Amino acid sequence: MLTFTLVTYALITFAVLLGQADASEFKVASVNIDKILLHCEAADKELSYLKARRDRYLKDRNSSQKKINALAIELKALQAKVKNKAMPRAERNILLKQRENLIAKYQSLTNEVQQSDDEQTHSTKQNITAATLRILKQCHLEINDYAKTHGYQWVLEKSGRTSSQTSPLIYARNAVDITDDILALLNKNPTPQ
């Protein structure tokens, strides 16, 4: 809703300014940030880094999951022994104690994996947000430089969505789409890490 309000305010301001000046004095461009994020080499590098990190985590998690599975199999075998009715009480007590220990190990390892999964999810979300913000900052810098160099007074972002799922920019007469130019500049000058 805030984006819609800001875009509406910007368009009203633009209309007021347009009424005070000749339309030919304004040079307007549009840019599609979603397209830039999909095709920017810096974004691809960030994504590759995050995938490699995820793969290392999954390899470690797989090792822990194998231990959990082994404990489950061992626990099942121990349960079968405990069910044997023809067994001295001392031997049964030893088996019951072993079962308690296995259950404790199983629960502990399962909790560790769950906690690790939660931490990994949280960390990944933070890293994705930070990477996106770095790339968007670089996009904005490139767009500002490009607009100044090429004499644009307005550059409107056309991929954003309002609550009605439509772009705030519905029509712009004589607006030049500079998305590919910005993408080329970003890919030529990678985002600093």
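The values are calculated or read from the model by the stated rules, or taken from the named source; none is laboratory data. The model shown is predicted, which means the values in this text are computed figures rather than measured ones. Note: ideal-geometry Cβ built from the backbone for every residue, glycine included; neighbour counts use all protein chains shown. Remember, those area values only see protein heavy atoms, side chains included, never the ligands or the DNA or RNA. Shrake-Rupley method; radii C 1.70, N 1.55, O 1.52, S 1.80 Å.
Run down GLU46, GLU91 and say which single residue is at pLDDT below 90, part of a helix (DSSP H, G or I), farther than 29 Å from THR179 by Cβ and of a type in the set (Asp, Glu).
Numbers: GLU46 fails: farther than 29 Å from THR179 by Cβ.
Checking each option against the conditions leaves just GLU91.
Figure legend. Inter-residue proximity from the stretch 137-158: first residues more than 14 Å from LYS27 (Cβ to Cβ) and free of Cβ contacts under 8 Å to residues at least 60 places away in the same chain, second residues part of a helix (DSSP H, G or I) and of a type outside the set (Val, Ile, Thr), beta-carbon distance below 7 Å, spacing 6+ or different chains. Indicated pairs: GLU142/LEU185; GLU142/LEU186. Identify, please: which residue in the stretch 53-88 is open to solvent by 80 Å² or more (accessible area, probe 1.4 Å) and in contact with a Ser or Thr (Cβ under 9 Å, 6 or more places away or on another chain) and is, among those, farthest from GLU112 (Cα to Cα)? Applying the filter and picking the extreme gives ARG54.
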